[in-house]
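Everything on this sheet refers to the single structure shown next.
The values are calculated or read from the model by the stated rules, or taken from the named source; none is laboratory data. The shown structure was predicted, so the numbers you read here are calculated from the model rather than taken from an experiment. Positions of Cβ are generated from backbone atoms using ideal geometry, with glycine treated the same way; all protein chains shown enter the neighbour counts. The area values use the complete protein model at the heavy-atom level, side chains included, leaving out ligands, DNA and RNA. Shrake-Rupley method; radii C 1.70, N 1.55, O 1.52, S 1.80 Å.
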Amino acid sequence: MHNASSMIDSSIRMGIVQPYDISILPELLHMFAQQYPKVKFEILVGTTMELAKAVKENRIDVALCSLPHEGNFVYEELFQEELCCITSIHNPLTINKLTDFEGCHFYRFNDDSLAHKKVESYLASCVPSIHWEYVNNISTIPYLIEQTGYCSLVPRSIVDQTRAGIKILANPLANTRMSIGLLSKKSLMHSPSITKEFVFELKKRLL
């Protein structure tokens, strides 16, 4: 007889923001694929607003992201992610007040989470001389910083998982935390059992 789990033929449609697509998903997908070989995975990596749009249009069932600033969604906060100001270990820069950032170069990731945008916008308004440069992949920022000596505001999880030569600067900014949670159109209690099990395993790895 086949194991009952191997007979499940379903799909899991999920969205996720960086860097959790790299830090969390690979091990979880591997485990689930072994336990449920017939389950199909549809994974969308994007920004919070891109994932919220996908949830609204029923292209995915749930997303791990920040809380979007608009739309009627069910949102379950899982944790608060600290935003850290980082630079190269070779950069002698020390920060005691916001004006110490004058003339600095900052990498900015296309992150539309409300909290992250609010912190960066506040910093830009207080220190107009900051030079901003955009990058596509947030996970590459520490390695770019190691080479250039630039600065950036990144989630703590990026700092914890990188091997790049970076350091955390003193942060004179207030309220530098962003909410990370599960976004859906309706309560996940009404989702298929396979989706609920996947979300349960996801939570175990995050909390």
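Expressed as a whole number of Å, what is the distance separating the alpha-carbon centroids of the range 15-84 and the range 152-207?
10 Å
Regarding the chain, what's the average projected area of the Cα-atom convex hull, expressed in nm²?
That works out to 12.3 nm².
Considering Cα pairs under 8 angstrom that are at least six residues apart, work out the relative contact order of the chain and quote it in whole percent. Walk me through the intermediate numbers first.
On the way: 369 pairs, mean separation 62.2, N = 207.
Averaging sequence separation for qualifying contacts and normalising by length gives 30 percent for the chain.
Need the full-extension length gain, residue 129 to residue 200, defined as separation in residues times 0.36 nm minus the C-alpha distance. One decimal, nm.
On the way: separation 71, 0.36 × 71 = 25.56 nm, distance 4.55 nm.
Here the answer is 21.0 nm.
In the chain, what percentage of the DSSP-assigned beta bridges are antiparallel, given to the nearest 5? Let's see the in-between values first.
Details: 19 of 35 bridges.
That works out to approximately 55 percent antiparallel.
What does the highest-first list of 146-153, 126-133 look like by mean Cβ count within 10 Å?
Numbers: 146-153: 18.8, 126-133: 12.5.
Going by the mean number of other Cβ atoms within 10 Å, highest first, we get 146-153, 126-133.
Using 0.36 nm per residue of separation minus the Cα-Cα distance, give me the extension gain between residue 185 and residue 143 in nm, one decimal. Working shown, then result.
Details: separation 42, 0.36 × 42 = 15.12 nm, distance 3.68 nm.
Fully extending the segment from residue 185 to residue 143 adds 11.4 nm.
For residue 23, put the label point 7 Å out on the Cα→Cβ axis and report which residues of the range 50-88 keep their amide N under 15 Å from it.
Counting backbone N atoms under 15 Å from the label point, the list is 64-66, 78-86.
Residue 100 accessible area, nearest 10 Å², 1.4 Å probe?
40 Å²
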